[in-house]
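Structure first, then comments.
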Amino acid sequence: MSDAQTASGVHTLLIDRIACDGHGACAELLPELIGLDEWGYPIVRSTDVPGELLDHARRAVAECPVLALRVEQKHR
Amino acid sequence: MTETQSSSPPSAACVLDGPTGPYGSRLLYGWLRTGSPADLDEHLDRYGPPPLPRTARRPTAGPLVRAVEEAGLTGRGGAAFPTGRKLRTVAETPGPAVVIANGMESEPVSRKDKILLSLAPHLVLDGASLAAAAVGAEAVHLCLPRTRAGLVRHLAGAVDERRLRGIDRVPIHVHGLPHRYVSSEATSLVRWVNGGDARPASTPPRPFEQGVGGLPTLVDNVETLAHLALIARYGADWFRTAGRPGAPGTTLVTLAGAVRAPGVYETPMGTPIGELVDRAEGPSEEIGALLLGGFFGSWVPAETAMGLSFAKNDLAAVGAGPGAGVIAALPRRACGLAETARVLAYLAAHSARQCGPCTMGLPTVAEDFAAVARGDADTRLLDRLAGRIGLLSGRGACRHPDGASRLAATALRVFADDLRQHIRRGPCAAASRKPVLSVPDPAAADAQGWR
Ligand SMILES: Cc1cc2nc3c(=O)[nH]c(=O)nc-3n(C[C@H](O)[C@H](O)[C@H](O)COP(=O)(O)O)c2cc1C
Ligand code: SF4
Ligand code: SF4
């Protein structure tokens, strides 16, 4: 948890739009940040991942069947 | 050369003024002076050989990078990004690099790159060669649309001539690519040169990180490179003698639609749009709105647009941008909704169909818009359309859907009165008249293939 706190606000959620095929698993695991459009493709409400959601975000990344989702540490 | 300005080139009365030609021209100097494309002899007479550095580059930014930064040159391919910053990034990456000169000009209204490449090919090639030296590139790839076969031959011939005279230090490869709206996007070019489809790739890595053959790759528009070739010779201060401090240099614009002399013009950055319309001999009839930038651009009401300076910051204030340098005038009698519907159908057909939100979103927005143009829309459809337009931006691997979103959103705003009419009384008479913007047949897109 301390890891998440120190890293708070410096993590970014990225989607590879070509790889993503609209499984929607991410929206189920991370509804705070990801919704779905009428075809089931993700709508990212905020790319900033707050510390308290970091674990959920990492779970969503791991569950995406086509590895389209990433959480990156922001530079600068 | 029917597509450039129709006025005949000025005669001997015009005085030679260093690197600046008639009407303050730079890139089109030779054409305005002689009335014919500049061959290599004429080019060398006017400018001499490109001032290539004597020594091989170290991984630092040299004098040309600094000059381009000081000049304030911005990219002429659409995004108006500072060219010096891109040069520096690639120059400071250790190891060899690659340069791609983007002469694809996929924007259907634009003719500026074709005119520039036809009339001053050696200025573009000098720029590519100089940029290659500045970033330590091993090769240059000049990407052209293969639908313009004559242009591809013209440039290949120019490169051969230069090779015989030993002008360039690195090989320049001339390629003909499928001519589609997104085949000209930077990552599409990289993919194609690498042997793949001319379709956008996911980023990162961006081309400057990992492009052709995995090497850092500088992608610049051909007009940008031509300006760079002049900055290398005459310096940043000279470059800034045209335009304004925040919008330096000259730029090529394509004027189209309801103007008397449509064509390509070179003008100082920041010229008021009304003045540009006058240079095209004024409106051919009363103008209601202007499309600025291109098909991925913005509609602006004529009253607002005519007083605006054609420069990034001024245009940004009304939600527009210079884009590919397109200014298309829509007559007041025309139906902006019907025009926009046709452009959206074209953009939808030109999606690379790789990303869900673009593949699904663009055709539905185009269909909704067509319903609006036909007068078949009710408020429920309008709400749905607004929602779908809002969901296009930032949700593709490339910015193709962002452009379509901007076009659609500005159309709904600028043609709001027409919209009310269409909903209340059905389509106006103008909606069934002959269209003003010439939009290529969307069905032709797939015939090009991607390779
Ligand atoms: C859909 C799409 C189409 C594009 N088409 C062109 C084009 O035809 N020519 C061009 O120079 N840049 C085009 N661009 C921009 C390029 O990706 C790239 O930014 C540009 O070539 C960089 O050159 P510059 O910095 O000199 O403008 C396009 C971008 C997008 C998103
Ligand atoms: S889980 Fe992966 S493939 Fe499915 S919608 Fe989310 S990002 Fe796309
Ligand atoms: S956003 Fe559209 S045009 Fe761009 S890569 Fe994705 S599908 Fe292709």
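The values are calculated or read from the model by the stated rules, or taken from the named source; none is laboratory data. Only a predicted model underlies this, so the values are computations on that prediction, with no experimental measurement involved. Heads up, the Cβs are rebuilt from the backbone with ideal geometry, glycines too, and the neighbour counts pull from every protein chain shown. These accessible areas exclude ligands, DNA and RNA; they are computed on the full protein's heavy atoms, side chains included. Shrake-Rupley method; radii C 1.70, N 1.55, O 1.52, S 1.80 Å.
Residue check: A:Leu67 meets all listed conditions (1) in contact with a Pro (Cβ under 8 Å, 6 or more places away or on another chain); (2) within 14 Å of another protein chain (Cβ to nearest Cβ); (3) in contact (Cβ under 8 Å) with a residue 24 or more places away in the chain; (4) farther than 21 Å from B:Leu362 by Cα but one, namely (1).
The residues listed here are B:Ser11, B:Ser6; of these, the one that is over 25 Å from the mean Cα position of the chain (by Cα), more than 16 Å from ligand 1 (Cβ to nearest atom), at pLDDT below 95 and part of a loop (DSSP other than H, G, I, E, B) is B:Ser11. Exactly one residue out of B:Val193, B:Val219, B:Val182, B:Val212 is within 14 Å of chain A (Cβ to nearest Cβ), in contact with a helix residue (DSSP H, G or I) (Cβ under 6 Å, 6 or more places away or on another chain) and at pLDDT 95 or above: that is B:Val182.
Residues in segment A:19-52 that are surrounded by fewer than 20 Cβ atoms within 10 Å (Cβ to Cβ), part of a loop (DSSP other than H, G, I, E, B) and within 14 Å of another protein chain (Cβ to nearest Cβ): A:Ala19, A:Asp21, A:Gly22, A:His23, A:Gly24, A:Asp37, A:Glu38, A:Trp39, A:Gly40, A:Arg45, A:Ser46, A:Thr47.
Looking at segment A:57-70, which of the residues that are outside any loop (DSSP other than H, G, I, E, B) and surrounded by fewer than 17 Cβ atoms within 10 Å (Cβ to Cβ) is nearest to ligand 3 (Cβ to nearest atom)? The extreme case among them is A:Arg70. Taken as a whole, the condition of being touching a residue at least 12 places away in the same chain (Cβ under 8 Å) and away from chain A (no Cβ under 14 Å) applies to B:Leu337. When each of B:Ala371, B:Ala328 is tested for being out of contact with any strand residue (DSSP E or B) (no Cβ under 9 Å at 6 or more places or on another chain) and either more than 16 Å from ligand 2 (Cβ to nearest atom) or within 14 Å of chain A (Cβ to nearest Cβ) (or both), the lone residue that passes is B:Ala371.
Only residues that are more than 9 Å from ligand 3 (Cβ to nearest atom) and open to solvent by 10 Å² or more (accessible area, probe 1.4 Å) were counted in segment B:355-365, giving 3.
For B:Pro207, the criteria (1) touching a residue at least 60 places away in the same chain (Cβ under 8 Å); (2) surrounded by fewer than 17 Cβ atoms within 10 Å (Cβ to Cβ) hold in every case but one, which is (2). Each residue in segment B:422-438 was checked for being out of contact with any strand residue (DSSP E or B) (no Cβ under 9 Å at 6 or more places or on another chain) and surrounded by fewer than 17 Cβ atoms within 10 Å (Cβ to Cβ), and 9 pass. Within the option set B:Gly274, B:Gly235, B:Gly246, B:Gly282, being within 18 Å of B:Ser25 (Cα to Cα) and either small (Gly, Ala, Ser) or without any contact (Cβ under 8 Å) to a residue 60 or more places away in the chain (or both) holds for one residue only, B:Gly235.
What about B:Thr20, is it open to solvent by less than 60 Å² (accessible area, probe 1.4 Å) and among the β-branched types (Val, Ile, Thr)? In short, yes.
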